[in-house]
Structure formats: C-alpha cells, structure tokens
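Note sheet for the following structure.
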Amino acid sequence: MNELSDVRNLWEMFLAGGPLMWPIAALSVVVLAFALERAWALRPGRFVPRGFAADLDRLVGARPCDLRSVRERCDRGGGVAGAVLRAATARAGRPAADVERAVEVAKEREAAALYANIRPITLAVQVTPLLGLLGTVQGMILAFYTTAQLEAGANRAAELASGIYVALITTFAGLCVAIPAAVLAHLLEGRIMAGFR
C-alpha cells in the first residue's frame with residue numbers, strides 16, 4: 001500500500017510540474033532507447049567479429065597473398081576492422097601516403113556511423129535542463145503573479161512557497177534525465193574510442 005501511495009505521489013508531482021514535464025519524459029524515453037541500441041551496436045564483435053582475425057591470418061599466411069580473397073572476407077562481415085582493411089587493400093600498390101589516407105577516411109566514416117546514434121543522447125543532455133529551467137521560470141512567474149493577486153491578510157509566504165515548490169519540479173526532472181544521459185553518452189563514446197585503439 002505504501003508503494004502505491006509513493007507512485008501516486010510521484011504521478012501527482014509529475015502533473016504538478018506542468019506541461020513541460022511531458023517533453024522531459026519523452027526525452028527520457030529517447031535516452032533509454034538510444035542507450036540500449038548503442039550498447040547492443042557497440043559490442044566487441046562489432047569492431048572485430050569472432051573468427052575474423054583467424055581468417056585473415058590464414059589468408060595473409062598463404063603464399064602468394066591473394067588480396068581479392070582478403071577483400072572478400074572483409075565484405076563478409078568484417079565489422080569496423082574489415083571496413084578499414086578493405087579500404088587499405090583497395091589501394092594496394094599505390095604510394096604509402098594514399099594507403100594511409102584511405103585508412104584514415106575509412107576510420108572517420110566508421111566512427112561517424114558509430115557516433116550517429118549517440119547524438120540524440122547528447123542532445124537530451126543539453127535540452128532537458130533547459131526545459132526544466134524554462135518550466136521553473138514559468139512556474140515562478142505564475143507563483144509571484146498569484147501571490148500579488150491575493151487579498152489583503154492572506155498568507156502570502158505560504159502561497160509563494162507552494163508556488164516555488166511546484167516551479168522547481170521541472171528543474172529537478174530535467175536534471176534527473178540529463179545527468180544519467182551524460183554518463184551514458186560518456187561511457188558509449190569511451191567504448192567507441194576503445195574499439196579504434
């Protein structure tokens with residue numbers, strides 16, 4: 001019964017926060033969805049799939065080394081490592097500077113693809129505190145306006161305290177979304193950086 005009461009109190013607090021609580025809640029769902037998607041997409045096998053290194057050792061160890069076979073293996077699920085190696089082998093026989101440039105371009109392209117779905121999380125990190133602040137400013141304006149309109153002899157301090165309490169709910173909610181989102185974005189970016197080492 002106590003847990004049900006707590007849920008009811010949280011729901012009442014959410015509703016008291018006003019209309020800006022809805023976009024904050026929506027952004028929390030966005031953060032969760034993209035964090036789960038990126039956690040799955042950035043598993044170690046995405047960078048170097050299982051069996052890929054052993055297959056390459058076998059292909060490169062053959063004499064003469066058949067670059068076409070290496071490229072075909074890269075095309076058959078080589079992950080990030082395969083895409084970068086594919087770019088390098090496509091420039092085989094050209095000057096070293098051309099090969100290095102092809103590798104850098106491939107790494108940048110793969111990194112951009114991996115970072116793409118982290119951007120909504122970082123956007124939520126920036127936007128949710130601002131939505132919370134906007135809700136608080138709106139609530140403070142309403143609280144002071146309501147207090148100013150009270151009749152003489154009314155308890156202005158109690159009314160103002162109640163209004164400020166409601167106004168601060170959105171800032172609290174915005175920070176409750178932004179702080180975990182910032183941590184998740186940092187951890188996911190670290191996983192990408194570790195994959196390219």
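The values are calculated or read from the model by the stated rules, or taken from the named source; none is laboratory data. Everything quoted here is computed from the prediction, not taken from an experiment. Every residue, glycine as well, gets a Cβ built from its backbone with ideal geometry; the counts of neighbours run over all protein chains shown. For the accessible areas, the whole protein counts, side chains as well, though only heavy atoms, and no ligand, DNA or RNA atoms are used. Shrake-Rupley method; radii C 1.70, N 1.55, O 1.52, S 1.80 Å.
Going residue by residue through segment 74-90, is there one that turns out to be open to solvent by less than 40 Å² (accessible area, probe 1.4 Å), modelled with pLDDT under 90 and of a type in the set (S, T, N, Q)? Yes; the residues of segment 74-90 include at least one that is open to solvent by less than 40 Å² (accessible area, probe 1.4 Å), modelled with pLDDT under 90 and of a type in the set (S, T, N, Q).
Of all residues in segment 29-42, none satisfies being open to solvent by less than 50 Å² (accessible area, probe 1.4 Å) and at pLDDT below 80. Contact map, segment 95-107: first residue over 15 Å from A81 (Cβ atoms), second residue outside any helix (DSSP H, G or I) and open to solvent by 70 Å² or more (accessible area, probe 1.4 Å), Cβ cut-off under 8 Å, separation 6 or more or different chains; pairs are D98/R91; V99/R91. Among residues of segment 120-151 being within 19 Å of the chain's Cα centre (by Cα) and open to solvent by 60 Å² or more (accessible area, probe 1.4 Å), the one that is farthest from G163 (Cα to Cα) is L123. Quick check: anything in segment 181-191 surrounded by fewer than 16 Cβ atoms within 10 Å (Cβ to Cβ) and over 13 Å from the mean Cα position of the chain (by Cα)? Taking every residue of segment 181-191 in turn, none turns out to be surrounded by fewer than 16 Cβ atoms within 10 Å (Cβ to Cβ) and over 13 Å from the mean Cα position of the chain (by Cα).
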